[in-house]
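Written out below as structure tokens is the structure these notes cover.
The values are calculated or read from the model by the stated rules, or taken from the named source; none is laboratory data. For clarity, every value in this text was computed on a predicted model and none was experimentally measured. Heads up, the Cβs are rebuilt from the backbone with ideal geometry, glycines too, and the neighbour counts pull from every protein chain shown.
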Amino acid sequence: MSTAPRRWHAPAEALLLPTGALVAALLLFGLFVWFGGHSPVAAWVLLFQGAFGDAFSWQNSLQRAAPLMLTALAVALPARAGLTVIGGEGALVLGALGCAGLPYLIPGLSGSGGSVLLLVAGAVLGAAWVALAGTLRQWRGVNETISSLLLSYIAIALFKHFVEGPMRDPASLNKPSTLPLADSLRIGQIMGATNPDSLLAGWLGDVHWGLVIGLLLCVAAGLWLSFTASGFALRVVGGNARTARLVGLPTDRLVLLACALGGAGAGLAGALEVAAVHFAANASVIAGLGYTGILVSFVARHNPWAIPPVALLFGGFAAAGSLLQRRLGLPDASVLVLQGFAFVFILAAEALRGRLFQLPMPGFAKPRLVAVQGGPA
């Protein structure tokens, strides 16, 4: 029987490996809950009820999925260029700082034009921060995984310095924050105040426009990678950088472009967290969204078109944490254990890429060559 790869093997692996890893993570999470004295079945049911059980659950899941789409792009786009960048958290907090800090520089900022400038400021800072990791990789040979992670810690330190120091609102006593954004600068909800009794408002009532922005950017990134010359060149660089140089592709420029675009997504996520959720920069912005984006990107196999449903799934799991706490008495952060299990199994599943359908099946042992001693007389 031929073991040559068939056309359907690659898409089947792209579906089966992440799905199997998530199922294994859920099973191990159930064992973790069982050791804590609770029913695994009850935990699994509550996870999906808290994520997708009713309209309120869908609102929470969609709202949490919006920044995850953008932080996942900070991993996915550099990955298509052959880089493993995990510094989305740093780009996110700097994007939040840029959004909250722009009114300090332009005091009269207001209106929809001002809101656009806030988002642009966050995206620019995020792009510059992740591009710095790409620059260190291309020109100084610094490992981008380590540098992007360390840059995240530096970004968080800068964020805390400015929020708790020069930009602190004197009225924020217990929780240091920047001055709140003016009402005209805030990003509103998708439904706004129109038709509050409609069915759609029940599902999207508290969801802000960041969800639409994240969806559009994921679609645009997928189109760029699949149907443009520069996107194809970027994928060539990610496949074999040496070959890309031999054929004359500008590898350094393409790598920096991928890092900058990915960082812009994470910075935009931070700006949206300030402009649409918290309305000021404070410690609530540092919620690990950039780190969860790493997991979302890996589960989606760095495919921008697959990022939105995966982001919705993990946004739903995060939204279900409070339900686990109320019903089972588990800590709200117990869902982070599930995310950790999922990340480990996703990385382990990568070892089977290209080999899943070549593994020997039970009952079908491979033929062996048997050495025959002696010969014809």
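For the stretch 234-252, name all the residues that are more than 28 Å from T292 (Cα to Cα), out of contact with any helix residue (DSSP H, G or I) (no Cβ under 6 Å at 6 or more places or on another chain) and either of a type outside the set (S, T, N, Q) or modelled with pLDDT of 95 or more (or both).
R242, L246, V247, G248, P250 - these are the residues of the stretch 234-252 that are more than 28 Å from T292 (Cα to Cα), out of contact with any helix residue (DSSP H, G or I) (no Cβ under 6 Å at 6 or more places or on another chain) and either of a type outside the set (S, T, N, Q) or modelled with pLDDT of 95 or more (or both).
All but one of (1) touching a residue at least 40 places away in the same chain (Cβ under 8 Å); (2) part of a helix (DSSP H, G or I); (3) not basic (K, R) hold for A280, so report the exception by its number.
(2)
I need the full set of residues from the stretch 293-320 which are among the small types (G, A, S) and farther than 13 Å from V335 by Cα, in order please. Steps first, please.
First, the residues of the stretch 293-320 that are among the small types (G, A, S): 293, 297, 300, 306, 311, 315-316, 318-320.
Matches in the stretch 293-320: G293, S297, A300, A306, A311.
Exactly one condition in (1) modelled with pLDDT under 95; (2) among the β-branched types (V, I, T); (3) over 20 Å from I156 (Cβ atoms) is false for V120; which is it?
Of the numbered conditions (1) modelled with pLDDT under 95; (2) among the β-branched types (V, I, T); (3) over 20 Å from I156 (Cβ atoms), the odd one out for V120 is (1).
Any chance the stretch 166-174 includes a residue that's more than 24 Å from A283 (Cβ to Cβ), among the hydroxyl-bearing types (S, T, Y), at pLDDT below 95 and surrounded by fewer than 17 Cβ atoms within 10 Å (Cβ to Cβ)? Steps first, answer last, please.
Taking the stretch 166-174 and keeping what is more than 24 Å from A283 (Cβ to Cβ), we get none.
Looking through the stretch 166-174, none of the residues is more than 24 Å from A283 (Cβ to Cβ), among the hydroxyl-bearing types (S, T, Y), at pLDDT below 95 and surrounded by fewer than 17 Cβ atoms within 10 Å (Cβ to Cβ).
Take Q339 and decide whether it is more than 26 Å from V116 (Cβ to Cβ), without any contact (Cβ under 8 Å) to a residue 24 or more places away in the chain and either part of a helix (DSSP H, G or I) or not charged (D, E, K, R) (or both). It would help to see each step written out before you state the result.
Details: more than 26 Å from V116 (Cβ to Cβ): yes; without any contact (Cβ under 8 Å) to a residue 24 or more places away in the chain: no; either part of a helix (DSSP H, G or I) or not charged (D, E, K, R) (or both): yes.
For Q339, the condition - more than 26 Å from V116 (Cβ to Cβ), without any contact (Cβ under 8 Å) to a residue 24 or more places away in the chain and either part of a helix (DSSP H, G or I) or not charged (D, E, K, R) (or both) - is not met.
Can you name the number of the only condition in (1) more than 23 Å from L261 (Cα to Cα); (2) surrounded by 17 or more Cβ atoms within 10 Å (Cβ to Cβ); (3) among the hydroxyl-bearing types (S, T, Y) that S152 fails?
All conditions pass for S152, except number (1).
Report the residue count in the stretch 26-57 for those that are crowded, with 21+ Cβ neighbours inside 10 Å and either of a type in the set (F, W, Y) or not in a helix (DSSP H, G or I) (or both).
Residues that pass the stated criteria total 1.
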